[in-house]
Amino acid sequence: MRRASSRVFSHLSPHPKISFSLLSRDFITHLSSLPTTTTTTTTNQHHHYHHPSQTHPESCTKSDALLFSKFKTHQFQIHPSHNLNTLVDQQPPISSRQRKIKERSQLDEAFESAKTTEDMLKAFKDMEASFEERELGLACLKLGLKLDQEGEDPEKTLSFANRALKALDRDDNRVSLPLAMALQLLGSACYSLKRFNDSLEYLNRANRVLGRLEEEGSCSLDDIRPILHAVQLELANSKTAMGRR
């Protein structure tokens, strides 16, 4: 059973940028496009040194000009902030909505970049405070597949699988590849817990969902086949286990 789940997890892993919610990544683009006005007075100072103002006597000697230049340089060293005229204008403050979008995006990326189960669980816990339950479907699915692949805690796997199904199972009877994967995960977890009747129920439904996806042509066969193979293998194992009881 663990090998079949490993195939499904490896099928999900090459797509790490599947969004867990309707995050607006345009915010990053928005930040980079904000005008950054840099105002320096270096050019103006240079201009000022060689072109004294009208109040400065035209008969100023070279020594006076040198003294004036040294004074300005000294003044710049003592008060650089005054001379730069606040070199960079401050960017406009970020709105609370934009800040929330940015935080959610960072949480999303932290979860996607996590490699170990421990890191994934920690990142997921941080996500729970900022995302609604329906937005965590794919995260629950990926974490559940990782746990099932390791095979050490079927109860925790089942918990994440149930959460994934609730988030991905739509009321309009539409089907999707993640829905089939959640059903396969539930079947695998129930098999590990020796709940073979429940395992058969979930796996049979996963098989029907995959059949519909193939008929409708909404997914490529290359995406469907690895999951279908895992479902059929687990169906056979569940039926065999039930026959042995």
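The values are calculated or read from the model by the stated rules, or taken from the named source; none is laboratory data. Values in this document were obtained by computation on a predicted structure and should not be read as measured data. Reconstructed Cβ throughout: ideal geometry from the backbone, glycine too, with neighbour counts over all protein chains shown.
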- Message: Suppose we filter the range 132-165 for residues that are over 21 Å from SER192 (Cα atoms) and surrounded by fewer than 20 Cβ atoms within 10 Å (Cβ to Cβ); how many remain?
- Response: 4
- Name the one entry in LEU143, LEU147, LEU84, LEU138 that is modelled with pLDDT of 95 or more, at negative phi and in contact with a Ser or Thr (Cβ under 7 Å, 6 or more places away or on another chain). LEU147
- Look at ASP172 and say whether it is under 30 Å from ILE101 (Cβ atoms) and acidic (Asp, Glu). yes
- Task: Output the qualifying pairs, or none if there are none: Cβ atoms under 6 angstrom, residues six or more apart or on different chains, first residue in the range 91-108 and in a loop (DSSP other than H, G, I, E, B), second residue not polar (S, T, N, Q).
- Result: GLN91/LEU34
- Using beta carbons and a limit of 7 Å, which pairs, at least six apart or on different chains, have the first residue in the range 157-172 and closer than 10 Å to LEU185 by Cα and the second one surrounded by fewer than 16 Cβ atoms within 10 Å (Cβ to Cβ)? LEU158/LEU193
- Qualifying residues in the range 167-195 (those that are among the hydroxyl-bearing types (Ser, Thr, Tyr) and over 15 Å from ARG225 (Cα atoms)) - the one surrounded by the fewest Cβ atoms within 10 Å (Cβ to Cβ): SER192
- Task: Considering each residue of the range 219-245, count those that are exposed (fewer than 14 other Cβ atoms within 10 Å of the Cβ) and not in a helix (DSSP H, G or I), and give that number.
- Result: 2
